[in-house]
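Quick note: the coordinates plus some simple rules give every number you see, no bench work behind them. Remember, it's a predicted structure, so these values are computed and weren't measured experimentally. All Cβ positions, glycine included, derive from the backbone under ideal geometry; neighbour counts span all protein chains shown.
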Amino acid sequence: MPGERDIYAVLDSADSEQPVSAPADRNAAWRLKVAHTFHCSTALGGCGTELTFAIGDVNIPHFRHRSGVTCALGVSGSVADRYTHLAIQNALRDWINAMPGFTCGLEVSVKEGRTDVLATGPNFEAALEVQRSQLSGTARSERTSRYLTRAATVDWLFESTGIDAFKTELAVRGWSLRIWWGWVKQECRIGVSYHAGEDTEPELKAAGGPLEQWRLTAGGLDSEHLRKAKYAVAGRQEALRHRREDEAAAAAEEASDKRRRDAAARRGALDADLALYRQYEEQLRTFSADVDSRWPAKWPALSGSPKQVLWAAGLRVKILGFLHEELANDWLDAERGYPIAQWLAEQESAKYWIEHLRDVRDTFDLLHEYGHR
Ligand SMILES: [Zn+2]
């Protein structure tokens with residue numbers, strides 16, 4: 001059975017730039033065979049010997065090295081890749097040379113490298129890179145910078161969607177170019193893969209056509225296909241931008257509502273605290289009515305944090321409540337009771353009330369605490 005290498009050759013001479021793939025159709029193969037000689041390409045690293053074009057009844061048409069010939073081509077790398085790359089370069093060159101005012105160079109040296117295809121137009125140069133092997137997005141950027149020292153534009157034409165640089169372009173820019181070569185029709189096509197739709201997850205679309213549907217401009221490759229793709233990408237980016245703005249506005253509105261709700265809740269809590277404090281003060285004033293003048297006429301405003309003051313004011317009104325009741329009913333000896341009331345009237349610190357008097361539940365506790373002061 002013929003291996004991969006055996007269906008490719010160049011026409012008529014070893015240094016020919018015309019690659020050919022053996023047609024599977026026997027009639028087509030015979031038409032090719034009578035018109036040409038077939039060689040292993042020296043430009044692609046082959047031995048250059050003339051190949052036999054075998055068109056038998058059993059095997060599909062294929063090329064064969066003559067017996068005894070040793071050939072390095074195919075030992076490393078893919079023979080199909082090399083012949084296909086050559087066919088694509090030729091197709092691009094023929095296409096560019098046919099454009100009025102344009103000439104094409106292949107493998108043209110630029111700063112620290114070579115471009116695959118350099119098109120020289122009336123007043124600009126454009127580089128086209130045909131990429132079949134794996135290439136990182138970083139390497140693509142570095143090479144693009146180098147080619148841009150000479151060319152006005154660099155377009156990468158990927159032969160496979162599995163190449164990282166293709167994926168990077170698609171992710172970053174929203175579109176990336178593809179290239180195909182069809183041996184049977186001898187046709188080269190350029191296409192564009194692009195991200196469309198308005199969902200977070202993009203919809204991958206593709207459009208393209210033969211080289212005749214594309215042209216070179218000062219801005220690089222151009223076609224109806226590419227313009228349609230760029231329009232879709234711009235629409236998608238605009239939609240995503242609007243969505244991000246809407247989301248940010250909704251989040252800001254929500255945050256503002258929450259601040260308003262929190263502020264209202266704080267004001268509500270403060271109002272409730274204030275009402276309670278006023279209630280304590282009111283109760284405090286009622287105590288002086290039915291005891292004698294030794295009961296302190298004035299109760300100081302308590303000092304401390306709002307929370308401490310409210311707590312201490314509650315303790316004070318509770319303690320003075322039962323002290324007042326004992327004195328008013330003469331259950332407690334006035335000589336013992338009024339000095340305690342005087343002492344309590346000197347305590348302005350909310351912290352003092354909380355620390356020393358929070359556990360006082362009755363007159364007994366109070367006398368005990370007073371004795372230890
Ligand atoms: Zn060879």
About the Cα centre of the chain, how large is the charge dipole given +1 on each Lys and Arg Cβ and -1 on each Asp and Glu Cβ? Please answer in debye to the nearest 20. 1520
State the three equivalent ellipsoid semi-axes of region 83-237, derived from the C-alpha gyration tensor as the square roots of 5 times its eigenvalues, in descending order and whole Å. 24, 18, 16
Enter the angle in degrees (range 0 to 90, nearest 10) between the Cα long axis of helix 26-35 and the first principal axis of the Cα atoms of the chain, meaning the one along which they spread out most. 60
At the level of C-alpha centres, the distance separating region 109-126 and region 188-238, in angstrom, is 23
Looking only at ASN27, ASN329, ASN97, which one moves most when the chain is put into a Gaussian network model with springs between Cα atoms under 10 Å? ASN329
Hull surface divided by four, with the convex hull built on the Cα atoms of region 291-371: how many nm²? 4.8
Any idea what diffusion coefficient the chain gets from Stokes-Einstein, in µm²/s, Kirkwood Rh on alpha carbon pairs, 25 °C, 0.890 mPa s? 84
Give me PHE364, PHE158, PHE38 sorted ascending by neighbouring Cβ count inside 10 Å, so fewest comes first. PHE364, PHE38, PHE158
List the Cys residues of the chain that have no partner Cys with a C-beta closer than 4.7 Å. CYS40, CYS104, CYS188
Kirkwood hydrodynamic radius for region 1-140: how many Å is it when counted over pairs of different Cα atoms? 16.8
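Given the rule -39500 (n - 2.57) for each run of at least 4 DSSP H residues, summed and divided by the residues of the chain, what is its mean residue ellipticity at 222 nm, to the nearest 500 deg cm²/dmol?
On the way: 9 runs with 166 residues, N = 373.
Per the formula, -15000 deg cm²/dmol.
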Highest GNM mean-square fluctuation, the chain, Cα pairs closer than 10 Å: which of HIS62, HIS36, HIS356? HIS356
Any of LYS111/LYS230; LYS258/LYS351; LYS111/LYS167; LYS298/LYS351; LYS111/LYS228; LYS167/LYS228 with alpha carbons more than 23 Å apart? Name them for me. LYS111/LYS230; LYS258/LYS351; LYS111/LYS167; LYS111/LYS228
May I have the extent of the alpha carbons of region 228-349 along their three principal axes, as whole Å values ordered from largest to smallest? 102, 21, 18
Hey, what's the Cα Rg ratio for region 4-76 versus the globular rule of thumb, 2.2 N^0.38 Å? 1.03
When we measure straight from the Cα of LYS33, which aspartates and glutamates land under 16 angstrom away, once same-chain ones fewer than 8 places off are left out? ASP6, ASP12, ASP25, GLU50, ASP57
